[in-house]
Amino acid sequence: MRTILVVGGGYAGFYTAWGLEKKLRRGEARVVVVDPRPYMTYQPFLPEVVAGSVEARHAAVSPRRHLRTTELINGSVIKIDHEHRTVVVRPAVGPEFPLPYHVLVVTAGAVTRKLAIPGVAESAIGMKHVEEAVAIRDRLLTAFDQAAVLPPGAARSRLLTVTFVGGGFSGVEGFGELMSLAHSLVRKYPTLSAGELNFHLVEARDRILPEVTDEPGRWVVRHLAGRGGHVHLNAQLRSAVDGHIVLSTGEEWDSELIVWTAGNGANPMVHNHTDLPIDARGQVIVRADLRIGTDDAPVADAWAAGDDAAVPDLAINRPGVATVPNAQHAVRQGRLLAKNIIAVLRGREPKPYVHHSLGVVATLGLGRGIFQWRGIVIKGFPAWVMHRGYHVLAVPTWERKVRVAAVWATALFFGRDIVSLASVQHPRRAFETGGEPAATSTAGRPG
Ligand SMILES: Cc1cc2nc3c(=O)[nH]c(=O)nc-3n(C[C@H](O)[C@H](O)[C@H](O)COP(=O)(O)OP(=O)(O)OC[C@H]3O[C@@H](n4cnc5c(N)ncnc54)[C@H](O)[C@@H]3O)c2cc1C
């Protein structure tokens, strides 16, 4: 029996394996997914995890529950040797081992783009994974608890200052959601006031949210500023040492929480450790039917999709333009990938990937959002409802949809949970100290 090996069980990988399971005949092929995480992250929910509107666990979809016949291997692929049809897997524990296959699917996604700015590696936190979203939320809640007992001054002001670096989709959504949480939270703290909150969004370009056109982009800036946010355009972060922010514009401030949302970088394994064709940005070169290679130089038995692949965008039909890295594409590419692999296994021709954008919808905080499809722009509450409606329908499996919708429904009556569980980072502390809770340092420093 042939082995179809899927490297990375995120959006594209999960949908590929799911599609293969549904369509493969008994004994036709065995599907194996390798991923270091035991779940697929529904990343569009992370801004709402940050705000406490979606439970962290509900943004994590378990392949073990939903993939019935696929074999799941918990580990990272550290090398792809396609010539010999073998990958090397590094499991969480135990020695590395080779894993042979017949058909390869590369869906390992992208990583958070890093820039060598002093202090960022030590002080900032990303927003691509569930644990990061949970930590951002806990740090804000902990900062409020700490600030509430301090007298007005620099220390208190620093605790109530949040900085997002990167005004793309995830940065703007996270910023809007966290600001919305902070403004509702401050009412529960009689010693604090909304005027003390400082929310900064730093963007190197002259506009945020490049996924929408100029005027809606400017509206989002005005909207965030109207809610008290400071949006710094044409400004680059120069330093964040010890939480002290310095911008290229000369502006400086102290910030307890720094969230790094400066875009995607190439997956280092895909970029550096394969014998597959890779482009200048570190993405796998694929043809329109998602087979790896070019029409002139095809690579047999190898497929790729999602954020790690440069898939020609036939909907735009301009040579050299690849589909943008988003879930809208990753899901559809994953589904088509499953169909195309089966087609080739059965001697049929695979189909090209063509998807015309459904538009862009972003949350800007509880009850606020923006939607754009071509010339149609919807702002505010209706866009936010569309955002929630779209994502609750898009999150894979009915089980997840019901859980997420149930939390939203409960929040309508009781509001969001507002306790920090930062102490879960130190589960033995209370046991060791005889009941003293774990330190509530907000910046992840030991304490
Ligand atoms: C905060 C946030 C909000 C977003 N909101 C939206 C939105 O509203 N709409 C939208 O369309 N898109 C959104 N996106 C983008 C979208 O989530 C991504 O484009 C999508 O997840 C890409 O899917 P993927 O399968 O390529 O990668 P991923 O979903 O990232 O999956 C990659 C998988 O590969 C695994 N992996 C990595 N390296 C290895 C390795 N060496 N070996 C084995 N496995 C490996 C990873 O653990 C992961 O499970 C958002 C992204 C973020 C961060």
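The values are calculated or read from the model by the stated rules, or taken from the named source; none is laboratory data. Bear in mind that the values here come from a model prediction, so they are computed numbers and not experimental data. No Cβ is skipped: glycine too gets one built from the backbone with ideal geometry, and neighbour counts run over all protein chains shown.
Structural remarks
- Of everything in region 87-118 that is assigned to a loop (DSSP other than H, G, I, E, B) and among the aliphatic types (A, V, I, L, M), the residue that is farthest from the ligand (Cβ to nearest atom) is Ala116.
- Residue selected from region 250-266 under the condition assigned to a loop (DSSP other than H, G, I, E, B) and in contact (Cβ under 8 Å) with a residue 40 or more places away in the chain, by the criterion surrounded by the most Cβ atoms within 10 Å (Cβ to Cβ): Thr261
- Within region 267-280, the residues that satisfy the criterion of being more than 11 Å from the ligand (Cβ to nearest atom), part of a loop (DSSP other than H, G, I, E, B) and either under 21 Å from Thr163 (Cα atoms) or in contact with a strand residue (DSSP E or B) (Cβ under 9 Å, 6 or more places away or on another chain) (or both) are Asp275, Leu276, Pro277, Asp279.
- Every listed requirement among (1) over 27 Å from Gly176 (Cβ atoms); (2) within 13 Å of the ligand (Cβ to nearest atom); (3) surrounded by fewer than 20 Cβ atoms within 10 Å (Cβ to Cβ) is met by Ala394 save one, (1).
- Any hit, region 213-230, residues being closer than 30 Å to Phe381 by Cβ, of a type in the set (A, V, I, L, M) and at pLDDT below 95: no
- The set of residues in region 267-290 being surrounded by fewer than 17 Cβ atoms within 10 Å (Cβ to Cβ) and in contact with an Asp or Glu (Cβ under 6 Å, 6 or more places away or on another chain) consists of Asp275 alone.
- Unmet requirement for Val360, which otherwise passes all of (1) under 30 Å from Val6 (Cα atoms); (2) out of contact with any Phe, Trp or Tyr (no Cβ under 6 Å at 6 or more places or on another chain); (3) away from the ligand (no atom under 13 Å from the Cβ); (4) not charged (D, E, K, R): (3)
- Identity of the residue in region 28-42, assigned to a loop (DSSP other than H, G, I, E, B) and within 10 Å of Ser62 (Cβ to Cβ), that ends up farthest from the ligand (Cβ to nearest atom): Pro38
- Residues satisfying the stated conditions in region 59-83, i.e. over 14 Å from the mean Cα position of the chain (by Cα) and either part of a strand (DSSP E or B) or closer than 28 Å to Gly365 by Cα (or both): Ser62, Glu71, Leu72, Ile73, Asn74, Gly75, Ser76, Val77, Ile78, Lys79, Ile80, Asp81
- Filtering region 291-322 to residues that are more than 10 Å from the ligand (Cβ to nearest atom), assigned to a loop (DSSP other than H, G, I, E, B) and buried (at least 18 other Cβ atoms within 10 Å of the Cβ) leaves Val311, Asp313.
- Only a single criterion out of (1) more than 15 Å from the ligand (Cβ to nearest atom); (2) not assigned by TED's automatic domain parsing to the domain that holds Leu159 is not satisfied by Asp214, namely (2).
- The number of residues in region 234-254 that are more than 12 Å from Gly119 (Cβ to Cβ) and of a type in the set (A, V, I, L, M) comes to 2.
- The listed residue being of a type in the set (A, V, I, L, M, F, W, C), in contact with a Leu (Cβ under 6 Å, 6 or more places away or on another chain) and part of a helix (DSSP H, G or I), out of Ala135, Ala143: Ala143
- Top-ranked residue in region 43-66 [being of a type in the set (Gly, Ala, Ser) and within 11 Å of the ligand (Cβ to nearest atom); ranked as surrounded by the fewest Cβ atoms within 10 Å (Cβ to Cβ)]: Ala60
- Odd one out for Leu150, checked against (1) assigned to a loop (DSSP other than H, G, I, E, B); (2) touching a residue at least 12 places away in the same chain (Cβ under 8 Å); (3) not assigned by TED's automatic domain parsing to the domain that holds Val50: (2)
- Scanning region 13-27 for residues that are near the ligand (Cβ under 8 Å from one of its atoms) and small (Gly, Ala, Ser) yields one hit, Gly13.
- Selection of region 374-432 for residues being within 30 Å of Gln146 (Cβ to Cβ) and of a type in the set (Val, Ile, Thr) yields Val407, Thr410, Ile418, Val419, Val424.
- Per this entry, Leu141 is not counted among residues that are buried (at least 19 other Cβ atoms within 10 Å of the Cβ) and under 18 Å from the mean Cα position of the chain (by Cα).
- Taken over region 329-359, residues that are free of Cβ contacts under 8 Å to residues at least 60 places away in the same chain and touching a Ser or Thr at 6+ places or on another chain (Cβ under 7 Å) amount to 1.
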